[in-house]
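Chemist: Please read through the structure below; I'll follow up with questions.
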Amino acid sequence: METAKERPRVPLRSRARYRFDRTLARSTGTLMGWLVITCLAVVVPVSTLLVWTDPGSPPSLSGRLAAAWRTSAETLRLGAATGTPLRLVLSAVLGLLALLCVSTLVGVITTGLAERMAELSRGRSTVLEQGHVVVLGWSDQVTTVVSELVAAQAPRRPRAIVLLADRDKLEMERVLAARVPLAVRARIICRSGPASDPDVLALVSPRTASTVLVLPSAEPAADAEVLRVLLALGAVLGEGTDGPPVLAAVRDDRYRAPARLAAGPRGTVLETDTVTARLIAQCVGRPGLSLVLHDLLDFAGDEFHLADATAFPHEPFGTTLLGHPDSCVVGMLTPDGRTLLNPPADTVVEPGSRLIMLALDDDSTRADDCGHLVDPSVIVSAPSEPDGPTRLLLLGWNRRAPLVVDQLRRTARPGSVLEIVTDSAVPGPRGPQPESGFPTWPDVRFRSAPLSRPETMLGLDLGPYDGLVVLGPDRGDGPDHPDDWTLVTLLALRLLEARTGREVPVVTELTDDRNRPLAPVNTGSDVIVSGKLTGLLMAQIAQNRHLAPVFDELFSADGSSICLRSAGSYVRPGADTTFATVVAAARDRGECAIGYRRHDGSGGLTNRGVRLNPPKEERRVWSAEDHVVVVATGSGTPAPPVAGPEGHCDEVTTVAHDAALGRPMDQAT
């Protein structure tokens, strides 16, 4: 047993500190007692020393003690009464009570101010605005949406943009300050809290807003949360009220119908995955289309506007195409609300119709005849050769892949082949379905291969393919960011191109717009940033909800779409003529020309030669390698959806293949 002599000797200073700490930890009263003792131990001796060293102090001991008491009492705010001990005690009690009241009042005020400042920093105060834009939710599109809304308001008096999300207010403000231009005058107000709570939602005053946008998050249950937010919005607005237009976005098409019902009659619901899949499919075989779509959707240049057609009463639609020197007409909105995109040239413009046109702003939609600028002698009248069958390779798989394949099937030519290589097996039919009654093109073929291994990518033979589609994995499928896998895949493809000396057009999907400059792609390739383009589209519709059917048709597999076609199909190569001549040539082919892309890619890194809505009088020498941007009606034969995972399994002709890369893809198991 350890004896007292064997125990380590603890210094007196350490024991005293330990006992003092234990005493302070007992209660608040003990802490106050020690504070009083400490103050008296300092103030009383110092006050006594001041009195004894003062030449004018009283000569008697009692007088000096009274003076020392007065000095100590005034220092501690205990009163300065002198006399009998009872008077001293009463004076001290009154001083302590006054000190307690004053300190309590200061503490209450300090606590109240601190709580109020904390409440303001959490973003829980009510927004008192009129005509503001409300953005509910936080997602990859939020910075794009806010930036474009700010850019759209720049020429006018800016309206407030109020953002409500279940995130820290200061964090949201830091992100927006870093991504939204600081040179604008728009007011961006952030509020924190769940938008699905009606009490929290009422803080942003949706009743007095001009538009309400609901964004889906990156979480798996994002669509269900959007539905709850729409229901909460309906509870706040109430029934029978003329509320603001509502624009919401969901990822899964199963939530689109319920979301439309919850959004009400003034609501518009977009499927972000379907829009992304349509954009990817449209860019296949149309190099540079992503640049055109980005320029068309942002507010930095020209965008779609609605203008009165009073200058063309009972005139054919073809007349309006050359009736605006600084804007390009692509369709019209009839008096009964129907949207006609690229209608036949002989369609009559009824009184009360509105023209859908590409213009810089509303002031540049003036009408003036440009027929005198057309040179009929250089117009090519021979029809262009129809596109033949194509052979495509799709690398990777994510939740949007079945939709991409479906869109590719709808626009495929007879004899086309689509080959899909994924890291894991894709469920779906593994044999022909002749009883389906639908066309069997394209021939869709699946196989599994370890795409994450460099030797797998470098072993691909790109020779047989007319184009490639690269899809990154979904978020959460691995420790890395989805764009990391995509960038590595693109690097391997560029190495293959360098080895073979043949460039293949690649359509790539990225999730972060900051990775776009990093994408190692050739000049004939396109990069689709899903969140960026979806955010741009939502901002466009938020500014003018009448444009929703326009974009819905432009980005669908059927109806009219944006195409890039050789300038040699419209005017003779080498001809020096105006853009009005190109518009007239496109009109004769049943199309609406809205711009062009130079073959040399000049014009900067952002647009790479794309020029939308040039003046009709602009002259240039047109090359066969130039492309004309037109709105044309597709002529492809629609086909049924393709098989895929997660319930996207329909009738399709597929062939299962061995996972080994060395096995030819035309050998079915």
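The values are calculated or read from the model by the stated rules, or taken from the named source; none is laboratory data. The structure displayed is predicted, hence computed values, not measured ones. Reconstructed Cβ throughout: ideal geometry from the backbone, glycine too, with neighbour counts over all protein chains shown.
Chemist: With a cut-off of at least 3 residues that are within 25 Å of residue 148 (Cα to Cα) and within 22 Å of the chain's Cα centre (by Cα), name the helices (runs of 4 or more DSSP H) lying wholly within region 231-342.
Modeler: 256-263, 272-283, 289-297
Chemist: Also: Does region 246-267 hold any residues that are within 23 Å of residue 134 (Cα to Cα) and surrounded by fewer than 20 Cβ atoms within 10 Å (Cβ to Cβ), and which are they?
Modeler: 256, 257, 258, 260, 261, 264, 265, 266
Chemist: Something else: Got a number for residues in region 604-652 being at pLDDT 85 or above, in a loop (DSSP other than H, G, I, E, B) and either farther than 21 Å from residue 291 by Cα or assigned by TED's automatic domain parsing to the domain that holds residue 474 (or both)?
Modeler: 3
Chemist: Given (1) part of a loop (DSSP other than H, G, I, E, B); (2) without any contact (Cβ under 8 Å) to a residue 40 or more places away in the chain, where does residue 195 come up short, assuming only one miss?
Modeler: Status for residue 195: all satisfied but (2).
Chemist: Checking residue 546 against (1) surrounded by fewer than 21 Cβ atoms within 10 Å (Cβ to Cβ); (2) within 30 Å of residue 161 (Cα to Cα); (3) assigned by TED's automatic domain parsing to the domain that holds residue 407; (4) not acidic (Asp, Glu), only one condition comes out false. Which one?
Modeler: That leaves (3) as the condition not met.
Chemist: Tell me, which helices (runs of 4 or more DSSP H) wholly within region 491-601 include 1 or more residues that are without any contact (Cβ under 8 Å) to a residue 60 or more places away in the chain?
Modeler: 548-554, 579-588
Chemist: For residues that are farther than 24 Å from residue 542 by Cβ and of a type outside the set (Lys, Arg), scanning just region 284-301, find the one that is surrounded by the fewest Cβ atoms within 10 Å (Cβ to Cβ).
Modeler: 285
Chemist: Which residues, counting only those in region 565-600, are of a type in the set (A, V, I, L, M, F, W, C) and either surrounded by fewer than 22 Cβ atoms within 10 Å (Cβ to Cβ) or in contact with a Gly (Cβ under 7 Å, 6 or more places away or on another chain) (or both)?
Modeler: Once the filter is applied, which keeps residues that are of a type in the set (A, V, I, L, M, F, W, C) and either surrounded by fewer than 22 Cβ atoms within 10 Å (Cβ to Cβ) or in contact with a Gly (Cβ under 7 Å, 6 or more places away or on another chain) (or both), region 565-600 yields only 575.
Chemist: Follow-up question, since we're still on this one. Pairs under 7 Å by beta carbon, first residue in contact (Cβ under 8 Å) with a residue 40 or more places away in the chain and among the aliphatic types (A, V, I, L, M) in region 54-68, partner surrounded by 12 or more Cβ atoms within 10 Å (Cβ to Cβ) and assigned to a loop (DSSP other than H, G, I, E, B), six or more apart or different chains?
Modeler: none
Chemist: Pull out all pairs, ordered by first then second residue, where Cβ-Cβ is under 7 Å, the residues are six or more apart or on different chains, the first lies in region 444-457 and is free of Cβ contacts under 8 Å to residues at least 12 places away in the same chain, and the second is of a type outside the set (Asp, Glu).
Modeler: Qualifying pairs under 7 Å: none.
Chemist: Mind listing whichever residues of region 453-465 are surrounded by fewer than 15 Cβ atoms within 10 Å (Cβ to Cβ) and assigned to a loop (DSSP other than H, G, I, E, B)?
Modeler: Once the filter is applied, which keeps residues that are surrounded by fewer than 15 Cβ atoms within 10 Å (Cβ to Cβ) and assigned to a loop (DSSP other than H, G, I, E, B), region 453-465 yields 453, 459, 461, 463, 464.
Chemist: How many residues are over 31 Å from the mean Cα position of the chain (by Cα) and either buried (at least 21 other Cβ atoms within 10 Å of the Cβ) or in a strand (DSSP E or B) (or both) if we restrict to region 387-417?
Modeler: 3
Chemist: Additional query: Got a number for residues in region 100-138 being at pLDDT 85 or above and of a type in the set (Gly, Ala, Ser)?
Modeler: 2
Chemist: Under the condition of being assigned to a helix (DSSP H, G or I) and hydroxyl-bearing (Ser, Thr, Tyr), which residue from region 32-62 is nearest to residue 72 (Cα to Cα)?
Modeler: Taking the candidates together, the pick is 47.
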